Amino acid sequence: MNIQSLNLIIDINRDGAYSAWEIWEAVKGVYRLPGNLLVEGLGHIPYVSTLLNIRASEATGYHSLNGSLSVSLSLLLWVVLIFSLLSWFSPTVEEPDDAPDRARAPVGAAGVHPAHAGMQPRVHLPVSRANYAAPGKKTKRHRRPHRLVNYLIKHAK
């Protein structure tokens with residue numbers, strides 16, 4: 001079986017030199033490759049190819065390659081791949097050891113109203129923490145940046 005999607009030619013005009021537009025066409029070909037392979041594979045399944053109007057085989061011609069279905073499937077696959085790689089290689093953020101335990105109060109415990117039995121008890125943090133200020137003084141709340149941002153900033157220095 002000949003797979004037409006894998007016929008990538010970089011030197012299109014065959015002059016022996018690579019120009020900018022030939023490199024750009026090669027990049028576009030690599031981008032469209034996953035969608036073209038899926039469309040070409042689906043073109044060999046009779047009911048699916050007639051349902052989606054795919055013409056991507058030797059018998060029907062390769063008119064559906066580089067079409068809108070192929071490009072949208074490529075976009076979807078590349079986005080999934082990039083986000084998977086980013087989440088796989090991003091470092092994990094370790095929680096501090098002094099984080100309070102947020103254990104739930106047992107149902108029917110003494111002094112717990114039955115309507116509030118499933119709620120978490122209020123945790124009082126020590127006053128010596130840096131995020132508490134004098135009474136009446138407002139403090140800024142700092143959002144923790146995403147772990148990938150921390151990782152990129154750390155390596156940019």
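Only the coordinates and a few stated rules stand behind these numbers; no lab work does. What you see is a predicted model, and the numbers here were worked out from it, not measured in a lab. For neighbour counting, all protein chains shown are included, and Cβ atoms are generated from backbone atoms with ideal geometry for every residue, glycine included.
How would you order 51-58, 22-29, 83-90 from highest to lowest mean count of nearby Cβ atoms within 10 Å?
The packing order, highest mean first, is 51-58, 22-29, 83-90.
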Theoretical gain in end-to-end length, residue 84 to residue 3 [0.36 nm per residue, Cα-Cα removed]:
26.4 nm
Using mean Cβ contacts within 10 Å as the protection proxy, how do 5-18, 65-78 order, highest first?
65-78, 5-18
Toward the positive end of the charge dipole of the range 1-95, about the Cα centre and with charges on Cβ (Lys, Arg +1; Asp, Glu -1), which of 64, 4, 82 goes farthest?
64
With a point put 7 Å past each Cα toward its Cβ, work out how far residue 27 is from residue 151 in nm, to one decimal.
2.4 nm
